[in-house]
Amino acid sequence: MPMGLSNYRASLTRFQSFIALLILCIALSLLSNKFLTIENGWNVLRQISVNVCISVGMTLVVLTAGIDLSVGSILAFSGAVAAGLLKNGIPWPAHDLFIGFTLLGTIVAALIVGAALGFFNGWMITRFKVPPFVATLAMLTIARGLTMLSTKGYPISSLGSKFDFIGSGWLLGIPVLVWISAVTVILAVVLVRKTPLGRYIYAIGGNEQAARLSGIHINRVKIIVYTIGGILAAVGGIMVTSRLDSAQPNAGTNYELDSIAAVVIGGTSLSGGRGTIMGTVLGAIIIGVLNNGLVLLDVSPFWQQVIKGLVILLSVIVDKMNSQEA
Amino acid sequence: MLVAEKIGKRFTGVIALQDVSMQLRPGRVTAIIGENGAGKSTLMKILSGVYAEYEGRILLNGAEVRFANPKEAQEKGISIIHQELNLIPDLSITENIFLGRELTDRWGLLNKKAMRERTALLLQRLKLNVSADILVRDLKVGQQQVIEIAKALLLESQVIIMDEPTSAISEAEVEILFGIIEQLRAEGKIIAYISHKLDELFRIADDFVVLRDGQVTETGTMKGIDHDAIVRKMVGRDIARLEHNRAPADAAEDLLSVAALSWHAGNKQLLKNISFSLRRGEVLGIFGLMGAGRTELLECILGLHAGEHTGDMRLNGVSLDVRSPRDAIRAGLVLVPEDRKKDGLIPGLDVKTNISLSILRSLGRNGLLNNQAERSLAEHYKDSLRIKTPNLEQQVRHLSGGNQQKVILARCLATNPKVLMLDEPTRGIDVNAKNEIYKLILELAESGLGIIVVSSELPEILTVSDRILVLCEGKISGTFPRATAGEDDILKAAIPKTI
Ligand SMILES: Nc1ncnc2c1ncn2[C@@H]1O[C@H](COP(=O)(O)OP(=O)(O)OP(=O)(O)O)[C@@H](O)[C@H]1O
Ligand SMILES: [Mg+2]
């Protein structure tokens, strides 16, 4: 069976990012003897786990030719909800009552919050035809505002050792954070490659009108995709809150940019219809390794930003050159 | 004189052209003929600078030319009307026509007045009665095609390549185009003309070049050649013209009935009180001129404008509430749309996925895809419709136009419909494949489907239909059973009385 052109090209792109990552790692291990240690390896994986979760959701959204700018704020709000419920529950002063939350209840509540905000994004985009950029930009502000309201602008800290386990615990020799992101990635790969919904996502990004005429429920698919984006942002919120043992009102600021960067470096086209989950994961790893390496090498944070930007440009240029020659 | 010498072009997995040599002479129209996927468009794209990499060489008036891009080719006087529309919907007609070659005044600012005037002249020459400021988005496909033609005329090129310019326009516009081609020929221009409507070639072409599987098999002049000979040269064997004498289904069972369908959009009445019925096993042809409301009618039936129109639809006597194409497909109604690039294809996805898209869910198990079933479905249609593709993983945008159409047809058939609606089903499809599609339509009708065929080609309508409905300005202006349908009567019914 000859390999299809599209598969061939996709694997070529991925192969190139992989080589780039390898070169990056070799260079860093030559430059710093702290880089190539198991300790540091886990470190990098833990650091990128949040971005991986968010970026997976972002990939789905971008594949439909959309964008989600609100993930950072949703992350902050669901983290704040989790922390608030865990610490204070819901007080009901009128009846002198108080509803406490278990750990599981807290997590579920946070995920529901993320899902609801993501759903709201999808609803605005499909029902009122608000462009994704605008709808999620609005949500970026709304969810940040809600975070400030619910935390009153102060961190909510000391959340207990059980909750702490998510952010700093290990399971079977692997950090819990890494487990969470790995499971997320696996589920997303299955979704994208093995389910009709996955195909619909590509089809909508490829040609929405044709997808509609083929009988695909465009609005439903989009709402699901933005809802998943919201849920994964909430997952990120729980991870961040647990790792810091504190919900910060300004948590997740600019996370949408890192996740869009991961998606783009991973070869997903912002105009939709083309890209892969594993590409995004590679993109997130490249960003993570770069961050880590630059810190180890004591590069100033200002230069770090410049370099990250250049890497984004470079990866897109290489990707474009590939698709043109074929 | 434009000469191609030993041109070769390969894409990944496909040899599109091999050793192609031919010449286009000034003051003559050369027909490039061949089946779908023979390499006609590829050759024209090489001549006009779209593909910069190829083997062999091109000589223009004796000197070798090699274009890095279409702009360079245009500067050397070669322009092309592409098979697929290349217009920007949100720009006006003027802006589209002058795109990339805007006129400026001495301050370097856009000279809108001059551009608008020249556009108006062009539109007048092409007898397209619309304002130069109108957005291309608001034009019908046929009108958009006329704009493409205008783009090529603006340049006053010495070589004009037309890749299926008439596939989307109606008879009247074809006449206008032919008038212009004759004028260009008289001016000594070099013209290459591609069309799957063979009758046109006899009217307009002087010479011919036959391509088969990427190679030139014959060149010559059109004089003394007849329809069957052309077909033989193209296909490599005789094909019988389709004559069907199918007794129309007389089981009076109405499959689909439409009553008093009316649709206003804004203050424009697009459909007025349309009532008709379609019987099981019947092929209903709908004929009409551009803007008669044919496509709109099909779109309403498909639920694309749910809530905007009034009227009643029944399938098998049960009232239909179709609010989206999805509902329609579930109920058993499918449409092969008119504009395959815009409404039909997912260009970046492969052939397999484009075919299976509508029924993915039912192919799957436990909510997961069933790759095996999907592949055998695609394989089945690839064979039965003779879709020419190197493999099922080929991105559908790399297929030739005719093969793309077959992919969409396959997707529709895969849903196992009760009513199949085809909007210009053989646009851009070669004679051989056309015949196959007609045969297929009749077979499907035999098997009990109700089929609606919308076409602006009268011969096509007459070939396949059991009954013909003529639309004019959104109204039904005539119904003809096949037995009594005469071309003149049909045309008379199609032309608006009030002008
Ligand atoms: N960009 C591309 N990548 C891969 N294959 C291609 C590409 N463009 C064309 N082909 C293949 O090259 C062959 C010739 O295609 P071409 O479009 O020239 O056919 P054509 O004669 O114009 O057909 P039609 O009458 O259907 O328009 C086909 O097999 C087609 O699939
Ligand atoms: Mg072609």
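The values are calculated or read from the model by the stated rules, or taken from the named source; none is laboratory data. This structure is a prediction, so every number in the text was calculated from the model and none was measured. Methodologically, a virtual Cβ is constructed for each residue, glycine included, from the backbone with ideal geometry; neighbour enumeration extends over all protein chains shown. Surface areas here come from the heavy atoms of the whole protein model, side chains and all, with no ligands, DNA or RNA. Shrake-Rupley method; radii C 1.70, N 1.55, O 1.52, S 1.80 Å.
Details
- Summed residue charge, Cβ within 13 Å of B:Arg212's Cβ, Lys/Arg positive, Asp/Glu negative: 0
- Whole-number percent relative contact order across the stretch B:254-494, with pairs defined as alpha carbons under 8 Å at least 6 apart: 29 percent
- Backbone geometry of the stretch B:468-473 corresponds, through the Karplus equation with coefficients 6.51, -1.76 and 1.60 at θ = phi - 60°, to 3J(HN,Hα) couplings of 10, 10, 10, 9, 8, 6 Hz, x marking Gly and Pro.
- Heavy-atom surface of the protein assembly as shown, accessible at 1.4 Å and reported per residue (Å²): 44 Å²
- Gyration tensor verdict on the stretch A:206-326 (Cα atoms; rounded if a/c is under 1.5, prolate if a/b is larger than b/c, oblate otherwise): oblate
- Distance from the stretch B:404-463 to the stretch B:46-80 (C-alpha centre basis), Å: 38 Å
- Partner chain coverage, peptide B:201-209 - average Cβ within 10 angstrom: 0
- A convex hull fitted to the Cα coordinates of the protein assembly as shown yields 215 cubic angstrom per residue.
- Built amide H within the under 5 Å cut-off of A:Thr276, gap 5+: A:Thr268
- Within the stretch A:139-181, the proportion of Cα pairs with more than 17 Å between them is 55 percent.
- Label zone (A:Leu187, point 7 Å along Cα-to-C-beta; backbone nitrogen cut-off 14 Å) within the stretch A:87-111: A:107-111.
- Approximate spin-label separation A:Trp42-B:Val318, in nm, with each point projected 7 Å along Cα-to-Cβ: 6.2 nm
- Counts of other chain beta carbons within 10 angstrom of each beta carbon in peptide A:265-273 average 1.
- Per residue, the average separation of C-alpha pairs within less than 8 Å and at least 6 apart gives the stretch A:43-325 a relative contact order of 35 percent.
- Neighbour net charge for A:Leu187 - beta-carbon separation under 13 angstrom, K R +1, D E -1: +2
- Inter-part distance, the stretch B:141-208 to the stretch B:293-359, computed on C-alpha centroids, equals 33 Å.
- Pairwise label distance in nanometres, B:Lys127 with B:Asn86, each label 7 Å out on the Cα-Cβ vector: 2.8 nm
- Heavy-atom accessible area buried between chains A and B is around 2600 Å² (1.4 Å probe, both sides summed).
- Violating pairs (Cα-Cα greater than 30 angstrom) within the set B:Lys40/B:Lys342; B:Lys197/B:Lys268; B:Lys40/B:Lys112; B:Lys197/B:Lys475: B:Lys197/B:Lys268; B:Lys40/B:Lys112
- Chain B, relative contact order in percent, only Cα pairs under 8 angstrom and at least six apart counted: 16 percent
- Only the Cβ atoms of Lys and Arg (+1) and of Asp and Glu (-1) were treated as charged; on that basis the dipole of the stretch B:366-442 about its Cα centre amounts to roughly 80 debye.
- Accessible area, probe 1.4 Å, largest first, for residues B:Met290, B:Met44: B:Met290, B:Met44
- Whole-percent carbon and sulfur share, accessible surface of the protein assembly as shown, 1.4 Å: 58 percent
- Ratio Rg/Rh [Cα only; Rh per Kirkwood] for the stretch A:66-152: 1.07
- Within chain B, the longest segment free of exposed loop sites, counting GluC sites (Glu not before Pro) that fall outside DSSP classes H, G, I, E and B and have at most 15 other Cβ atoms within 10 Å, spans B:309-499.
- Cut-off under 5 Å, modelled amide H: who pairs with B:Arg28 long-range: B:Ile191
- All C-alpha pair distances within the stretch B:394-499, sorted into 10 Å bins from zero, spread as 13, 41, 31, 13, 2 percent across the bins.
- Cα lying deepest toward the dipole's positive end in chain B, options B:Leu261, B:Met22, B:Ile452, charges on Cβ: B:Met22
- Taking Lys and Arg as +1 and Asp and Glu as -1, the other residues whose beta-carbon sits under 11 Å from that of B:Ala114 total +1.
- Each Lys and Arg Cβ is given +1 and each Asp and Glu Cβ -1; about its Cα centre, the stretch B:37-161 then shows a dipole of about 280 debye.
- When Rg and the Kirkwood Rh are both derived from Cα coordinates, the Rg/Rh ratio for the stretch B:275-421 amounts to 0.99.
- About its Cα centre, the protein assembly as shown has a charge dipole of approximately 1340 debye under the convention of +1 per Lys or Arg Cβ and -1 per Asp or Glu Cβ, with nothing else charged.
- Percent of alpha-carbon pairs separated by more than 16 Å within the stretch B:342-409: 40 percent
- Where trypsin sites (Lys or Arg not before Pro) fall in DSSP loop in the stretch B:368-423, at most 16 other Cβ within 10 Å: B:Arg386
- Our helix-only sum for chain B, with -39,500 (n - 2.57) per DSSP H run of n ≥ 4 divided by its residues, gives a mean residue ellipticity at 222 nm of -9500 deg cm²/dmol.
- Whole-Å semi-axes of the stretch B:2-235's equivalent ellipsoid (Cα gyration tensor): 30, 21, 16
- Once the gyration tensor of the Cα atoms in chain B is diagonalised, the equivalent ellipsoid follows with semi-axes of 37, 28, 23 Å, ordered largest first.
- Exposed loop sites were defined as trypsin sites (Lys or Arg not before Pro) in DSSP loop states (anything but H, G, I, E or B) carrying at most 12 other C-beta atoms within 10 Å; in chain A the longest segment without such a site runs A:153-326.
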